[in-house]
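The values are calculated or read from the model by the stated rules, or taken from the named source; none is laboratory data. On a predicted model such as this, the values are computed, not experimentally measured, just so you know. Virtual Cβ from ideal backbone geometry, glycine too; neighbours counted across all protein chains shown. For the accessible areas, the whole protein counts, side chains as well, though only heavy atoms, and no ligand, DNA or RNA atoms are used. Shrake-Rupley method; radii C 1.70, N 1.55, O 1.52, S 1.80 Å.
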Amino acid sequence: MTSFPEPTDPAGSRSEVFLRYLDHFRESAVAKVSALAEPELRQSRLPSGWTPLELLTHLRHVELRWIEWGFQGRAVAEPWGDRRDDRWYVAPDETLSDLVAALRAQGAHTTAVVSAHDLAQIGAPGPRWNGADPASLERVLFHLVQEYARHVGHLDVVAELAGGPTGE
């Protein structure tokens, strides 16, 4: 797991700061889920019913929706591929290693996009924005950081309930 990006750590740019936080939270989610026993990966300990594997695929799709489908304006076959019947979903044949690889690949794509664009650049028009004006890359990244931070906090609770690691 990457170390927490302290506010006093020098950074070359605001883009680097965003990428450090995203990398940290992405790897924190992977570490927490990877530390759970196999039966805990596909069962829920919460009334809402989501499982740790479902959360991993959700996070991957969040990046896909905001970076590729949103900011880049790319056609994405299944932007909501993490959902079935209005809840998060993982197919029975998808493994932890499959989902981790997909999440990390999506993270690498995000890093490439952020590295190639200015934070003030406005995203391409497209269906992600539901008719609103597209957001800047900085606003998209801010949203992704809060999404990851919130869900890693959810994983903290689930991991503790499952006897897994606690804390940051």
### Message
So TRP69 ticks every box in (1) open to solvent by 40 Å² or more (accessible area, probe 1.4 Å); (2) more than 17 Å from ALA29 (Cα to Cα); (3) not hydroxyl-bearing (Ser, Thr, Tyr) but one. Which box is left unticked?
### Response
(1)
### Message
Suppose the filter is closer than 30 Å to ALA35 by Cβ, of a type in the set (S, T, N, Q) and either touching a residue at least 40 places away in the same chain (Cβ under 8 Å) or buried (at least 17 other Cβ atoms within 10 Å of the Cβ) (or both); does GLN106 pass it?
### Response
yes
### Query
For the stretch 1-107, list the helices (runs of 4 or more DSSP H) that sit wholly inside it and hold at least 1 residues that are within 13 Å of the chain's Cα centre (by Cα); which are they?
14-34, 52-63
### Task
Mind listing just one residue for me: the one in the stretch 125-156 that is in a helix (DSSP H, G or I) and small (Gly, Ala, Ser) and, of those, farthest from PHE25 (Cα to Cα)?
GLY153
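Conditions tested, residue by residue: (1) open to solvent by 30 Å² or more (accessible area, probe 1.4 Å); (2) in contact (Cβ under 8 Å) with a residue 40 or more places away in the chain; (3) over 19 Å from PRO39 (Cβ atoms); (4) in contact with a His (Cβ under 8 Å, 6 or more places away or on another chain).
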position	(1), (2), (3), (4)
LEU64	no, yes, yes, no
ARG84	yes, no, yes, no
TRP88	yes, no, no, yes
PRO92	yes, no, no, no
ASP98	yes, no, no, no
### Query
If we keep just the residues of the stretch 121-168 that are over 16 Å from GLU40 (Cβ atoms) and polar (S, T, N, Q), which is least open to solvent (accessible area, probe 1.4 Å)?
SER136
### Query
So which of GLU40, GLU16, GLU27 is acidic (Asp, Glu), over 15 Å from GLU147 (Cα atoms) and open to solvent by less than 60 Å² (accessible area, probe 1.4 Å)?
GLU40
